[in-house]
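Below: the structure, in structure tokens.
The values are calculated or read from the model by the stated rules, or taken from the named source; none is laboratory data. Treat the numbers as computed from the prediction; the structure is a model and nothing was measured. Positions of Cβ are backbone-derived with ideal geometry, glycine not excepted, and every protein chain shown enters the neighbour counts. Note: areas computed on protein heavy atoms with side chains; ligands, DNA, RNA excluded. Shrake-Rupley method; radii C 1.70, N 1.55, O 1.52, S 1.80 Å.
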Protein chains: 2
Amino acid sequence: MAARPTSKTSKSSDKVSVICRALRRAVIEQALEPGAKLPEDALGERFGVSRTIARHALGQLAGEGLVELRRNRIAVVATPSWQEARDAFDIRIELERLVVRQLAGKLTKSQIAELNAHVDAEHRARGGTDAVSIRLATEFHILLAHMTNSPILVRYVSEVAYRCCLTLSLYSRPHSSECAISEHRAIIAALAKGDEAKVTELMRHHLDSVANRALVAPVPQRGRDLLDILAPYADAVTGDRVVKLPRAARR
Amino acid sequence: MAARPTSKTSKSSDKVSVICRALRRAVIEQALEPGAKLPEDALGERFGVSRTIARHALGQLAGEGLVELRRNRIAVVATPSWQEARDAFDIRIELERLVVRQLAGKLTKSQIAELNAHVDAEHRARGGTDAVSIRLATEFHILLAHMTNSPILVRYVSEVAYRCCLTLSLYSRPHSSECAISEHRAIIAALAKGDEAKVTELMRHHLDSVANRALVAPVPQRGRDLLDILAPYADAVTGDRVVKLPRAARR
DNA sequence: TCCGCTGAAAGTGCATGCAATTGGACCGTT
DNA sequence: AACGGTCCAATTGCATGCACTTTCAGCGGA
């Protein structure tokens, strides 16, 4: 549909982009949990490139919010705070409402078929691992975004969707993705009928329930990051730096 | 408000970020027009760093959509198509409505004072160059986003606002920013009053009129990019590549 | 046993070097 | 003139090397 003189944003088969795609996928399949270390040499060796390239890829992913880059320290997969996760979902809701609003009644038959096929795949993957279910569910939303033919919208929806995946590993309890699948079907139906008001409401409700299923507790009690928890208090003690902690979080 | 153990996204005084900030600013002040070339060595020399760093910065900006990176070619400031510009404004409207919705009735006195001070500065800059007016107007929106205390929202609003600036150089005619200033004041007033419905409507209207002032004609008749215009047709002629053009667009 | 110190190992920050690609001036042919 | 080919300067793609910072295991003292 769009021209591809130099294939703008899509599939640039740059070594950097290859690494980015691989890492993104590892993140949404939760093979890489938040906080996982990403040393440049290890990445470089794994992908057969030099540190320079691995570093560049990490920079890109940091820009997307998937990776946290701390000066002179090993990069890690980002660990969004509960509030950040909530914010991400809020933004996602607005963006995806925009997506379906633009799409309502404008989809071709083959596009609708493609969407249905994707949801069929989600259905079939029901018995498999959570990782695959989550990936497929996320890809459904990205597929929708693609159909708007708006590169910017694709980028933002993808980014924020990945970020949301990240929070699943952190704050979610084991969930049934069953309802999500039927909600996807409902959205497709409303899109096909061209009912703009209904489909935006469906999407809002869908993402809202995903968020509520994911962000169960406002308390990130998962043991990691004692230091971060204490950081706000540290300001009250000394102005410039966190005091040394008596032997705590490891790894 | 937030802790700053390693100062997460803000002001990382990385050499890379310094270059990024400088280039972003040059873009929003239209010192760098869309299509302007950005050779790595030139940047490196200008900022006193090596090509490696300049390259890294370009990668970041490409991720933000401000720069276009073509393999083996000199990077250039992005030239969004008219449709992309329209999409950017659509997204921006939704994002900024979210901003003011979160902010309505929640601003402290000092924050309101800060906003008013900023608009005062916009007013004073009225007589100066367009560049400064545009920058200040943009920074008003980013300042609002900052007050949500949501790093993600800040990032997206900033990015999309920069992109919108980019389109001003391309598709806008000389404009009076006078009305924009009074609209900014109206938004502040509605925020202070806590009238959520009104402020979201004000913001929608404000951005919509900015967009309409900016995107006057759906036809990018500015001579550049003959090749891009023909690209869709080229597919019909030869499957793999655009045929050579008989001496046309230069530079 | 617990704490703090210290030095080596691991890792990042960045510049530089080399191969490969591109753009364009030059030049001969039609 | 217009076209097509050739060569060289400009520029990117990427790996490597070196300096500096962080981490942590081992060690000695309380």
Probe 1.4 Å - accessible area at B:Lys37, Å² to nearest ten: 120 Å²
Ascending list, in nanometres, of distances separating the A:Trp82 label from those of the other copies (7 Å, Cα toward Cβ): 5.0
Per residue accessible area of the range A:82-214, 1.4 Å probe, in Å²: 40 Å²
Under 5 Å, built H, 5+ apart or other chain: amide partners of A:Val67: A:Ala62, A:Ala78
Portion, in percent, of the accessible area of the range A:82-214 that falls on carbon or sulfur, probe 1.4 Å: 53 percent
Net charge, B:Thr200 excluded, C-beta distance under 11 Å - Lys, Arg +1, Asp, Glu -1: -1
Label geometry 7 Å along the beta-carbon vector: A:Asp195 inter-copy distances in nm: 3.4
Threshold 40 Å², the range A:147-162 residues less accessible with all protein chains present than alone (1.4 Å probe): A:Ile152, A:Arg155, A:Tyr156
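Could you work out the Rg to Rh ratio of the range A:15-79, with Rh taken as the Kirkwood radius (inverse of the mean 1/r over all Cα pairs)? Write out the running numbers ahead of the final one.
Values: Rg = 10.4 Å, Rh = 11.4 Å.
Result for the range A:15-79 is an Rg/Rh of 0.91.
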Accessible area buried, both sides summed, chains A and B with 1.4 Å probe, Å²: 3500 Å²
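Which entries of A:Lys198/B:Lys193; A:Lys15/B:Lys37; B:Lys109/B:Lys193 have Cα-Cα distances beyond 20 Å here? Intermediate values should be presented prior to the final figure.
Values: A:Lys198/B:Lys193 32 Å; A:Lys15/B:Lys37 23 Å; B:Lys109/B:Lys193 12 Å.
Violating the 20 Å limit, Cα to Cα: A:Lys198/B:Lys193; A:Lys15/B:Lys37.
Return the ratio Rg/(2.2 N^0.38 Å) for the range A:52-167, where Rg is computed over Cα atoms only. It would help to have the intermediate numbers written out before the result.
Details: Rg = 16.2 Å, N = 116, 2.2 N^0.38 = 13.4 Å.
The value comes to 1.21.
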Label 7 Å beyond Cα on the Cβ vector: B:Ala42 copy-to-copy distances, nm: 4.1
Estimated distance in nm for a label pair at B:Glu114 and A:Leu143, the labels positioned 7 Å out from Cα along Cα-to-Cβ: 4.4 nm
Rounded percent of accessible protein surface that carbon and sulfur make up, the range A:15-79, 1.4 Å probe: 47 percent
